[in-house]
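What follows is a short report on a single structure.
The values are calculated or read from the model by the stated rules, or taken from the named source; none is laboratory data. Model, not experiment: these values are computed from the prediction. Every residue, glycine among them, receives a Cβ derived from its backbone with ideal geometry; neighbour counts consider all protein chains shown. Remember, those area values only see protein heavy atoms, side chains included, never the ligands or the DNA or RNA. Shrake-Rupley method; radii C 1.70, N 1.55, O 1.52, S 1.80 Å.
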Amino acid sequence: MTLKSMKPLTRAPLLHVSVQESLRAYIDDNGLAPGTLLPAEGELATQLGVSRNSLREGIKALESLGVLETRRGVGIFVKAFSFEPLLDNLAYGLGGALRQIEEVLEIRRTLEVGLIGKTIDVIGEEDIGELRATVDRMRAHAERGETFAADDQLFHRLLFRCQDNETLVRLIDVFWLAFYKASDFVNLENTDPMATWRDHAAIVDAIETKDLEEARRRLDRHYEGIARVIANNKTSANMGGTHEKTV
């Protein structure tokens, strides 16, 4: 009979990792809200039975993850949840890997095209008005040769705000920002900002007339344009320089 090999022993976690886990558990067990001041370093170190240096390593790691915030001369606070640390690390991890950036884009494309139908069912005049105003600002920027990333992000958020699904809106922001931040590492140049504006305007037209097939087609076409920009950059020798991102 052939016996399975024993699994190797796992090494005990590093002390600063254990400190992180204990601090997280302390926050969860006590239901500490964002902005809550934690006990002083000395008291925390005593409770954990570790040195202040080990405690500080754990705190610094949780700061980088957006869990804690140290205010000099004041103390250590629980920080409000934010996707920013995740996005910063995700974008850095993607770096110049255009294949991974394509994958992030494909997730965005599938999410938005798949869920636009519900938007058409429930969107009201106020949201359509805000979409129109955002598109008008895009056109003004494009005509002046200016970037309009903030309005682009707002546009995609407004498309789905009417669904009252906070997790969906956050996910859309996550994938938008991940693509935008990652594209800082490569030259994703938008050679035709007016075409980008027209794409967004056509999406609003389709939504306002409740034409689901046209809305899906226009969204898909918009993402096809971004995919072409990435494809062009795959064959380009120039991977740097100033650019306007099309998202």
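Return the pairs, sorted by first residue and then second, in which the second residue is part of a loop (DSSP other than H, G, I, E, B), the first residue lies in region 159-175 and is buried (at least 16 other Cβ atoms within 10 Å of the Cβ), the beta carbons are less than 6 Å apart, and the residues are 6+ apart or on different chains.
Filtered contacts from region 159-175: Cys162/Ile123; Val174/Phe83.
Tell me, which residue of region 188-211 that is surrounded by 15 or more Cβ atoms within 10 Å (Cβ to Cβ) and farther than 17 Å from Leu131 by Cα is modelled with the highest pLDDT?
Pro193
Looking at the structure I just gave you, is Glu130 closer than 30 Å to Ala201 by Cβ, at pLDDT below 90 and more than 19 Å from the chain's Cα centre (by Cα)? Show your work before the answer.
Working: closer than 30 Å to Ala201 by Cβ: yes; at pLDDT below 90: no; more than 19 Å from the chain's Cα centre (by Cα): yes.
So Glu130 does not fit the description; no.
Report, by residue number, each residue of region 109-147 that is under 22 Å from Ala178 (Cα atoms) and in a helix (DSSP H, G or I).
In the first step, residues of region 109-147 are kept if they are under 22 Å from Ala178 (Cα atoms); the result is 109-116, 134, 138, 146-147.
Passing the criteria: Arg109, Thr110, Leu111, Glu112, Val113, Gly114, Leu115, Ile116, Thr134, Met138.
Under 9 Å between Cβ atoms, which residue pairs at least 6 apart in sequence (or on different chains) link something in region 94-110 that is of a type outside the set (Lys, Arg) and at pLDDT below 80 with a partner that is surrounded by fewer than 15 Cβ atoms within 10 Å (Cβ to Cβ) and not in a helix (DSSP H, G or I)?
Gly96/Met239
For region 117-145, what are the residues that are under 14 Å from Ala195 (Cα atoms) and either of a type outside the set (D, E, K, R) or open to solvent by less than 70 Å² (accessible area, probe 1.4 Å) (or both)?
Val135, Met138, Ala140, His141, Ala142, Gly145
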